[in-house]
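Visitor: This is the structure, below, for whatever I ask next.
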Amino acid sequence: MRRTCNFVNTLQEMKALTIGLTFVRHGETQFNKDGLLQGQAIDCPLSEVGLQQAADAGRYLKDVKFTNVFVSDMLRARQTAETIMKHNSSCLCLQLVCDPLLKEKSFGMAEGQCLQDVKEMAKTAGQSFLDFTPPQGETREQVKRRVQEFWLKMLHQMGCEHWPNNEVSLSTPAAASPHVEGEADDIPVHALVVGHGAYMYVAMCYLVDDLHCSIPQGCTRAHMFSLSPNAGVSRFVLTLNKEEDAFKVSDIRCLFVNKGDHVKT
């Protein structure tokens with residue numbers, strides 16, 4: 001009997017869940033077009049060009065079988081997510097989860113100012129724009145804590161919703177399926193996450209530096225950690241394992257990052 005129990009436990013431990021993860025930055029706003037910094041306090045809608053960019057992203061992602069959609073609760077991100085979902089039949093019955101943890105970085109007193117002026121402020125301080133903290137703004141470490149909190153929250157929800165059946169089985173869906181090839185549109189469990197440029201930069205740093213995500217072949221670190229274009233798309237595949245009641249990532253790979261050639265406008 002003990003051998004049987006041990007065998008069952010071993011089989012259950014073998015189980016894993018493959019998850020596709022697609023990040024999309026919101027489309028253009030008038031502030032983006034005018035070169036002004038938005039952050040959190042300024043909640044602009046998408047411009048006409050931004051709506052077209054979101055539609056371009058939607059057409060590019062139309063065949064991806066999404067099972068979950070997470071989005072910042074800011075208007076420009078919500079409009080982008082809603083537009084993408086309209087082009088994707090797999091999203092017809094999905095609930096859009098708006099999460100304030102996905103908000104853009106707060107740039108404090110610099111919000112509403114000329115982006116180039118803030119870049120000059122960062123240069124004077126000896127920092128890059130994406131790492132610079134204007135007065136009363138969020139530090140990179142504060143944004144990273146939001147990224148970590150959202151990451152754990154998302155994994156817990158997806159693990160609870162999609163974890164393989166607990167019946168004894170020799171199948172191991174995540175390990176046996178070569179979903180890491182190509183663009184991984186056909187992964188059965190796939191999350192769409194729509195957010196913001198500076199936030200996504202910190203998220204990329206967290207995935208690579210803290211979770212040891214691989215960088216795509218031929219991709220430089222400079223490109224990996226650059227600002228995504230409006231409606232830009234990044235794609236990851238991760239393997240999720242279950243340890244007691246917690247879900248943990250055992251492997252994560254980036255397929256491509258900051259892809260923007262699908263945007264026609």
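Visitor: Is it the case that Q52 is at pLDDT 95 or above, in a helix (DSSP H, G or I), in contact with a helix residue (DSSP H, G or I) (Cβ under 7 Å, 6 or more places away or on another chain) and not hydroxyl-bearing (S, T, Y)? Steps first, answer last, please.
Guide: Values: at pLDDT 95 or above: yes; in a helix (DSSP H, G or I): yes; in contact with a helix residue (DSSP H, G or I) (Cβ under 7 Å, 6 or more places away or on another chain): no; not hydroxyl-bearing (S, T, Y): yes.
In short, no.
Visitor: Consider K105 against the criteria (1) without any contact (Cβ under 8 Å) to a residue 24 or more places away in the chain; (2) in contact with a Lys or Arg (Cβ under 9 Å, 6 or more places away or on another chain); (3) not hydrophobic (A, V, I, L, M, F, W, C): it satisfies all of them except one. Which criterion is unmet?
Guide: For K105, the exception is condition (1).
Visitor: Could I ask something else about it? Return the residue satisfying two criteria in turn: it lies in segment 243-265 and is among the charged types (D, E, K, R) and surrounded by 18 or more Cβ atoms within 10 Å (Cβ to Cβ), and of such residues it is nearest to E104 (Cα to Cα).
Guide: Here is the first cut: in segment 243-265, the residues among the charged types (D, E, K, R) are 243-245, 248, 251, 253, 259, 261, 264.
Going one step further and asking which of them are surrounded by 18 or more Cβ atoms within 10 Å (Cβ to Cβ), we end up with 251, 259.
Details: D251: 27, K259: 20 Å.
The qualifying residue nearest to E104 (Cα to Cα) is K259.
Visitor: Suppose we filter R146, R78 for residues that are modelled with pLDDT of 95 or more and under 26 Å from D186 (Cα atoms); which single one remains?
Guide: On the way: R146 fails: under 26 Å from D186 (Cα atoms).
Of the residues listed, the single one that is modelled with pLDDT of 95 or more and under 26 Å from D186 (Cα atoms) is R78.
Visitor: Right, something else. Would you check which residues across segment 87-112 are part of a helix (DSSP H, G or I) and touching a Ser or Thr at 6+ places or on another chain (Cβ under 9 Å) and list them? Give the steps one after another, and end with the answer.
Guide: Within segment 87-112, the first condition is being part of a helix (DSSP H, G or I), and the residues that meet it are 89-91, 100-102, 108-110.
Within segment 87-112, S90, P100, L101, L102, G108 meet the criteria.
Visitor: What tally of residues in segment 106-158 results from selecting those that are acidic (D, E) and over 25 Å from the mean Cα position of the chain (by Cα)?
Guide: Within segment 106-158, the subset acidic (D, E) is 111, 117, 120, 131, 138, 141, 149.
Subset that is over 25 Å from the mean Cα position of the chain (by Cα): 117, 120.
Qualifying residue count for the region: 2.
Visitor: So if I check each of M224, M204, which one is buried (at least 22 other Cβ atoms within 10 Å of the Cβ) and at pLDDT 95 or above?
Guide: Working: M224 fails: buried (at least 22 other Cβ atoms within 10 Å of the Cβ).
Within the list M224, M204, the selection yields M204.
Visitor: Right, here's the next one. Quick check: anything in segment 88-103 closer than 13 Å to A231 by Cα and in contact with a strand residue (DSSP E or B) (Cβ under 7 Å, 6 or more places away or on another chain)?
Guide: Step one: filter segment 88-103 for residues closer than 13 Å to A231 by Cα, giving none.
No: zero hits.
Visitor: Is it the case that segment 97-105 has a residue that's in contact with a Leu (Cβ under 8 Å, 6 or more places away or on another chain) and of a type outside the set (S, T, Y)?
Guide: Keep residues of segment 97-105 that are in contact with a Leu (Cβ under 8 Å, 6 or more places away or on another chain), which gives none.
No, there is no match, as no residue in segment 97-105 is in contact with a Leu (Cβ under 8 Å, 6 or more places away or on another chain) and of a type outside the set (S, T, Y).
Visitor: For L238, state whether it is hydrophobic (A, V, I, L, M, F, W, C) and part of a strand (DSSP E or B).
Guide: On the way: hydrophobic (A, V, I, L, M, F, W, C): yes; part of a strand (DSSP E or B): yes.
Yes: the conditions hold for L238.
Visitor: In this structure, does P100 turn out to be at pLDDT below 95 and not polar (S, T, N, Q)? Working first, answer last.
Guide: Working: at pLDDT below 95: no; not polar (S, T, N, Q): yes.
Criteria not met by P100.
Visitor: What pairs come up if the first residue lies in segment 109-126 and is crowded, with 16+ Cβ neighbours inside 10 Å, the second is among the acidic types (D, E) and assigned to a helix (DSSP H, G or I), and their beta carbons are under 8 Å apart, counting only those six or more places apart or on different chains?
Guide: Note: pairs meeting the criteria are A122/D131.
Visitor: Take the residues in segment 10-42 that are in a helix (DSSP H, G or I) and modelled with pLDDT of 95 or more; name whichever of them is farthest from the chain's Cα centre (by Cα).
Guide: D34
The values are calculated or read from the model by the stated rules, or taken from the named source; none is laboratory data. Just so it is clear, the model here is predicted, and its values are computed rather than measured. A quick note on method: Cβ atoms are made from the backbone with ideal geometry, for glycine too, and the neighbour counts reach across all protein chains shown.
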